[in-house]
1. Please list 3J(HN,Hα) in residue order for region 165-171, calculated via the Karplus relation 6.51 cos²θ - 1.76 cosθ + 1.60 where θ = phi - 60°; whole Hz, with x for glycine and proline.
2. Figure the gain on full extension for Glu50 and Val95 (residue separation times 0.36 nm, minus the Cα-Cα span) and round it to one decimal in nm.
3. If you project the alpha carbons of region 122-217 onto the principal axes, what extent comes out on each, in Å, largest first?
4. Reachable lysines from Lys229, Cα under 18 Å, same-chain residues fewer than 8 places away excluded?
5. Using only the alpha-carbon atoms, how far is helix 116-126 inclined from the longest principal axis of the chain? Give it as 0 to 90 degrees, nearest 10.
6. Can you list residues from other chains, or at least 5 along the same chain, whose modelled amide H is less than 5 Å from the amide H of Leu51?
7. Among Tyr122, Tyr304, Tyr189, determine the one that fluctuates most according to a GNM of the chain built with springs between C-alpha atoms less than 10 Å apart.
8. Specify the residue with the greatest mean-square fluctuation among Ala333, Ala258, Ala140, computed from a Gaussian network of the chain linking alpha-carbon atoms under 10 Å apart.
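Every number in this text was worked out from the coordinates using simple rules, so none of it is lab data. Just so it is clear, the model here is predicted, and its values are computed rather than measured. As a convention, Cβ positions derive from the backbone with ideal geometry for all residues, glycine included, and neighbour counts pool all protein chains shown.
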Amino acid sequence: MKTDRRNFIRTAGLFALAGVTGLESLFAAYGNDTIRTSKKGLSLRFLPYELQLQHVFTLANSSRKVTPDVLTRLEFDGLVGYGEASMPPYLGESVETATHFLSSLDVSQFTDPFQIDDILLYVDSVMPGNTAAKAAVDIALHDLIGKIMKQPWYKIWGFDPSDTPNTSFTIGIDTPEVVRQKVAEAAPYKVLKVKLGQATDRQMIETIRSVTDCPICVDVNQGWTDRVKALESIFWLKENGVVLVEQPMPKTAVDDMAWLTQNSPLPTIADESLQRLPDVLNAHGVYSGINIKLMKCTGMREAYKMLTLARSLDMKVMIGCMTETSCGVSAAAQLAPKADWADLDGNLLITNDPFSGMQIVDGKVTLIDRRGIGVKVVKKVF
Ligand code: MG
């Protein structure tokens with residue numbers, strides 16, 4: 001009797017988590033008799049795995065050919081959930097910090113993976129920062145739970161997979177010749193994302209416009225410092241088919257940014273000025289929308305809360321990523337049906353992806369009806 005009551009409470013909590021729209025499939029897939037607990041707790045393994053980039057990647061103030069990454073495996077009762085921490089150097093995490101963080105965790109104390117809040121609150125409490133390393137655990141836990149429930153997360157959340165947006169494909173700062181070549185390679189994509197923030201900004205856009213009419217998102221990566229010049233640039237960009245401007249000014253320029261957003265003919269999106277859930281409130285009234293990235297916000301659970309909060313504040317939402325394998329990108333893609341824009345091309349920029357998952361079909365983020373975060377291993381690395 002006591003067990004029945006516990007199962008009922010756990011199941012009811014799960015349904016509250018899933019929301020109302022996902023309930024039918026949940027009922028079909030998940031009855032009280034299938035709830036798994038084990039005397040043996042969760043088991044976590046990890047492996048440093050350097051991502052090889054196809055092109056040298058240039059931002060407003062750095063360039064690189066590899067991205068440090070750590071892959072994770074969370075095991076429970078014979079099932080495995082996969083996760084990853086991708087750590088572009090400018091965000092302050094490294095293979096050393098991530099492996100130190102993951103080594104310090106004791107997840108074996110948890111014998112029920114459905115205690116999502118308890119598990120992730122514990123992971124978050126062990127050390128401050130380390131958001132990518134925390135995301136590596138969060139993603140693996142979501143993958144594991146989806147596999148136990150035999151459902152992909154977009155279904156558990158009750159999202160319609162046909163609502164996903166097109167993804168943008170990123171064109172880095174480069175010479176006109178290389179930019180034209182990169183645009184030609186990006187022909188299958190319906191939206192381009194162009195990195196700005198240097199003296200060559202207008203030349204970049206004119207070069208791209210000489211070869212395609214495709215809509216363009218621009219990411220200035222905090223590169224503009226004068227708000228009046230920034231506004232002039234945004235009007236010029238609008239005339240040239242640009243649809244949004246990401247992080248035009250430094251994250252510290254809050255008043256200038258609020259003025260710019262108020263006067264801008266294009267939506268402005270916060271990226272560097274936003275990391276976790278409380279930052280959404282700070283971005284409200286300063287930017288038109290937010291770019292949610294799992295590696296910055298500690299993973300899928302917080303990303304879902306940020307999306308929900310932003311929507312309740314009538315803000316726009318972009319789902320973004322770092323250079324990542326299909327693991328991180330497919331996890332982020334579970335949220336894409338509720339996003340206005342997706343920037344989920346991170347796995348397309350690397351040459352050694354050990355997973356396959358979310359696909360881009362005719363430029364559109366296309367979710368796969370596969371359990372968990374929807375990935376399968378195509379190259380066994382650990
Ligand atoms: Mg950005």
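1. Here the 3J(HN,Hα) series is x, 5, 8, 7, 10, 7, 10 Hz.
2. Numbers: separation 45, 0.36 × 45 = 16.20 nm, distance 0.92 nm.
Extending this stretch completely gives an extra 15.3 nm.
3. Computed over region 122-217, the largest-to-smallest principal extents equal 50, 36, 17 Å.
4. Lys195, Lys238, Lys251
5. 60
6. Thr67, Asp69
7. Of Tyr122, Tyr304, Tyr189, the most mobile in the Gaussian network model is Tyr122.
8. Largest GNM mean-square fluctuation: Ala258.
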